[in-house]
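Input: a single structure, listed below in structure tokens.
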Amino acid sequence: MARELPIAAIKALVGTEVFVSDWKAVSQEQIDGFAAATGDHQWIHVDPVKAARGPFGKTIAHGFLTLSHITFFGYQGAVSPVGAVMTINYGLNKVRFPNPVAVGARIRDRIVLVNVEEQPEGRILITTTHTIEIEGQRKPACLAESLTLFFTQT
């Protein structure tokens, strides 16, 4: 659940880690569902038999499936301006996938608050970095800079 804070308190957190999520397992069912939703049925994701002979020894999550978890993790630990009535994903500045997530692996997110920009008409743009880690591995699965736009009036 997002923590509602006054804008001054959020600005004071710029440059700090504001949340570390719990671990979450990535299942073959999730991978298959993502493949169905996006039409990306590459064998490395959806064919456990062929993937067992491939470079990772099992299926791996789509990079964009891993990326989509920033919304899931963000809802758990995001900071939100007091009075926000609506929130939208505004975009991403940079995304990298340095390490694949194998089926059954557990991932978590480390969120750092990068910037808070007050805009006209009660809008507040918050930039965060997300480091999605894989349990037991040094190299992260995903590094992303995310932009979230909060509306304090409609």
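Every read-out reported here was derived from the displayed coordinates using simple, explicitly stated rules and does not represent laboratory data. Quantities reported herein were computed from a predicted structural model and do not represent experimental measurements. Because the Cβ atoms are built from the backbone with ideal geometry, glycine has one as well, and the counts that use them run over all protein chains shown.
Taken as a whole, segment 83-96 holds no residue that is within 18 Å of Lys11 (Cβ to Cβ), polar (S, T, N, Q), surrounded by 19 or more Cβ atoms within 10 Å (Cβ to Cβ) and in contact (Cβ under 8 Å) with a residue 24 or more places away in the chain. On the given criteria, is Asp47 among the charged types (D, E, K, R), out of contact with any helix residue (DSSP H, G or I) (no Cβ under 6 Å at 6 or more places or on another chain) and touching a residue at least 40 places away in the same chain (Cβ under 8 Å)? In short, no.
If we scan segment 121-141, do we find a residue that is exposed (fewer than 13 other Cβ atoms within 10 Å of the Cβ) and closer than 23 Å to Leu13 by Cβ?
To start, the set of residues in segment 121-141 that are exposed (fewer than 13 other Cβ atoms within 10 Å of the Cβ) comprises 121, 135-136, 138-139.
Add one more test, that the residue is closer than 23 Å to Leu13 by Cβ, and what stays is none.
No: zero hits.
Within segment 24-40, can one find any residue that is touching a residue at least 60 places away in the same chain (Cβ under 8 Å) and exposed (fewer than 11 other Cβ atoms within 10 Å of the Cβ)? So far as segment 24-40 goes, no, none of its residues is touching a residue at least 60 places away in the same chain (Cβ under 8 Å) and exposed (fewer than 11 other Cβ atoms within 10 Å of the Cβ). Here Gly63 meets the list (1) surrounded by 13 or more Cβ atoms within 10 Å (Cβ to Cβ); (2) free of Cβ contacts under 8 Å to residues at least 24 places away in the same chain almost entirely, failing just condition (2).
Would you confirm whether any residue within segment 104-113 is farther than 30 Å from Glu4 by Cα and surrounded by fewer than 13 Cβ atoms within 10 Å (Cβ to Cβ)? The answer is yes, given that some residue of segment 104-113 is farther than 30 Å from Glu4 by Cα and surrounded by fewer than 13 Cβ atoms within 10 Å (Cβ to Cβ).
Counting only residues that are assigned to a strand (DSSP E or B) and of a type in the set (Val, Ile, Thr), how many does segment 130-154 have?
Of all residues in segment 130-154, those assigned to a strand (DSSP E or B) come to 130-134, 142-151.
Keeping just the survivors that are of a type in the set (Val, Ile, Thr) gives 131-132, 134, 148.
Number satisfying all stated conditions: 4.
Within segment 18-40, how many residues turn out to be part of a helix (DSSP H, G or I) and over 30 Å from Thr127 (Cβ atoms)? If you could, list the steps in order and put the result at the bottom.
Kept after step one, since they are part of a helix (DSSP H, G or I), are these residues of segment 18-40: 28-38.
Those still in the list that are over 30 Å from Thr127 (Cβ atoms) too: 28-29, 32, 35-36.
Summing the residues that are part of a helix (DSSP H, G or I) and over 30 Å from Thr127 (Cβ atoms) in segment 18-40 gives 5.
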